[in-house]
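Here is the structure we will look at, set down as structure tokens.
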Amino acid sequence: MGKILFVSNRLEKIQQYAGIFGKKPYEFFTASDENSALETVDINNPDIIIFDSDFNNLKHLLKNLKSMTTSTSFILLVKDEKIEYDITKYINVFLTDEMSETLISSIISANLKTKHSLEQLSDTNKNLADSLYRLNVLYSTSSQFAGSLDKEKLVDYMIEGLDKSLSFDLTCTLAFCTEKEPVLLLNSLYEISDELLSALKLRTVLNYKSLFEDKNPPFEIDIDTLKVVKTVKYPANRFTFTLFQYDNMFAPISLGDNFFGCIEIFKETPFTSDDATCFQTIAQQVSLPLKSATLYQEIKETNLKLEKLERLKSEFISIVSHELRTPLTAIKNSLDILSGGKCGEINDSGQKFLSMAQRNVQRLAGIINDLLDLSKIEAGKMDYHFANMDIHSVIDYVKSSLSVVAKEKGLNLISEETPDLPEIYADSQRLEQVLTNLVSNAIKFTPEGKTIIIRSHLADASQLNAPDCFKNDINKLSGKYIVVCVEDQGIGIAEKDLLRAFDKFAQIENSLSRKVGGSGLGLPIAKQLLQAHNGAIWCDSELNKGSRFYFAIPVSTVGAEAEKILF
Ligand code: ADP
């Protein structure tokens with residue numbers, strides 16, 4: 001099938017060509033002046049126009065027609081060989097007067113076939129370009145999805161992606177960004193009247209309910225209170241109820257097994273099956289990031305709750321400890337007065353009970369002090385007095401203050417120090433606290449007759465060696481350090497429990513640690529104090545053989561830098 005226009009003033013030629021093409025599968029038109037040629041092209045849009053080279057003012061006609069048609073083939077019927085060069089540039093094929101009718105017919109039919117093939121190719125190209133454009137939209141939409149954990153933004157990206165790929169007239173998106181209050185998002189080309197808005201709300205609610213068949217919908221929606229957010233592109237125009245005659249598509253938006261919302265989209269022209277695939281893809285693609293966003297929000301909320309709980313716990317510990325300290329001081333003073341005999345003679349058994357009470361008061365005071373220290377450190381309120389100092393003085397102080405306790409338990413407490421160690425930049429009172437805790441633990445967990453040694457030496461960070469579980473802490477160190485080690489021959493700690501010993505309130509399960517008791521706060525406090533010194537603490541132990549607890553403090557130059565960081 002093809003439409004052919006024959007433009008000529010020669011009657012015999014018009015008759016000849018009408019004889020060839022004036023029947024099916026052709027539609028044949030003739031024009032013998034410029035106006036009728038232009039009119040026929042305008043009305044019938046022929047596939048091929050055959051021009052007689054004899055035609056009056058042919059060049060002018062060709063020029064006019066070229067601007068009117070893009071895909072029509074121009075064929076020139078040549079009478080003799082005198083053709084103007086200017087004319088040939090408009091022409092695709094030439095015929096001559098001498099050609100047989102069969103040849104003319106086959107040339108025209110070949111030309112029509114080529115033209116149809118070209119049209120098909122151009123359609124395919126257009127479809128390909130459309131698909132490519134859609135793929136690009138899908139790609140950029142999914143990139144936007146991947147980059148956000150904000151539910152509202154994700155819904156916006158979904159609507160934006162649908163607009164770019166489907167050019168809708170209106171979308172109704174019911175979104176549960178916050179679980180309690182759904183929002184109806186209306187993205188529309190034109191303004192929506194109040195009546196239409198009510199109809200759209202009702203339709204969305206019915207759509208929503210239809211998703212759950214006989215079951216109850218997960219959330220209750222009240223049409224009267226449903227919140228609406230409208231975005232109108234061209235508010236000067238207005239949609240009417242004819243909108244409901246538009247083509248439409250509907251899809252639920254899920255979060256895995258849970259429901260998030262639904263979307264309905266309207267367009268004046270019909271949606272194709274490609275449109276439907278694109279719509280479903282985008283509505284499904286948004287589901288995974290929405291799920292991540294929901295989880296992220298839950299984690300954030302849980303974290304906030306945990307932070308609040310942690311703060312409350314610290315405040316509680318701090319308040320309770322303070323409240324306990326005052327009566328405890330009063331009890332201690334009273335016990336001291338009683339045992340000093342200021343209230344009269346106390347017999348032996350009375351003295352025994354008094355000293356038991358004094359020991360326990362002291363122990364309780366130790367636990368309260370630990371609790372207060374820890375809550376101060378965690379609240380960042382611990383006072384430090386950094387200065388250049390000598391580690392020997394710390395070791396001497398702790399050794400002499402604990403040697404009596406060690407002796408009472410039949411233990412030998414000695415020190416093996418490297419002489420003339422460089423100075424460190426530290427708070428001596430806090431280091432005494434750390435070392436006192438380590439030596440007290442060694443005394444607590446070492447049986448009678450054994451030896452406890454306090455050692456000190458200078459080491460480069462690269463030379464420090466610790467069990468794997470402490471490697472992270474050790475690897476952070478660099479430069480020179482004074483390392484202090486408390487070695488005992490006590491009950492030891494199993495390898496699996498080494499790290500846990502530094503957890504708050506941790507007491508490694510064994511009969512002795514239960515018997516001797518303690519707060520389980522000494523080592524975590526020591527760890528935090530050493531962190532404040534830019535140092536580290538770790539231990540190495542063998543069950544039933546003994547333990548070595550180490551701590552490392554940077555030598556003075558590094559310490560001076562630490563001061564800059566801390567203050
Ligand atoms: P506390 O000694 O007050 O319970 P710590 O935080 O100082 O608290 O110690 C935590 C736990 O680590 C102890 O209860 C004990 O189980 C274990 N531990 C600490 N030092 C030693 C040691 N030298 N030998 C064996 N176990 C130890």
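Values computed for the structure shown
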{"quantity": "Spans of helices (runs of 4 or more DSSP H) in the range 471-553 with at least 1 residues near the ligand (Cβ under 10 Å from one of its atoms), at pLDDT 95 or above and not charged (D, E, K, R)", "calculated": "522-532"}
{"quantity": "Residue in the range 387-403 that is hydrophobic (A, V, I, L, M, F, W, C), touching a residue at least 12 places away in the same chain (Cβ under 8 Å) and part of a strand (DSSP E or B) present", "calculated": "yes"}
{"quantity": "Of all residues in the range 446-465 being over 26 Å from Pro422 (Cβ atoms) and not in a strand (DSSP E or B), the one that is nearest to the chain's Cα centre (by Cα)", "calculated": "Thr446"}
{"quantity": "Residue list for the range 106-145, filter: closer than 30 Å to Phe28 by Cα and hydrophobic (A, V, I, L, M, F, W, C)", "calculated": "Ile107, Ile108, Ala110, Leu112, Leu118, Leu121"}
{"quantity": "Conditions (1) over 48 Å from the mean Cα position of the chain (by Cα); (2) more than 13 Å from the ligand (Cβ to nearest atom): number failed by Ile443", "calculated": "(2)"}
{"quantity": "Check on Ala175, of a type in the set (Gly, Ala, Ser), touching a helix residue (DSSP H, G or I) at 6+ places or on another chain (Cβ under 7 Å) and under 13 Å from Ile263 (Cα atoms)", "calculated": "yes"}
{"quantity": "Residue count for the range 367-392, restricted to those that are of a type in the set (A, V, I, L, M) and within 16 Å of the ligand (Cβ to nearest atom)", "calculated": "6"}
{"quantity": "Only listed residue being out of contact with any Leu (no Cβ under 7 Å at 6 or more places or on another chain) and among the small types (Gly, Ala, Ser), chosen from Ser403, Ser375", "calculated": "Ser375"}
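The values are calculated or read from the model by the stated rules, or taken from the named source; none is laboratory data. Just so it is clear, the model here is predicted, and its values are computed rather than measured. When we count neighbours, we look across all protein chains shown, and the Cβ atoms used for this are built from the backbone with ideal geometry, even at glycine.
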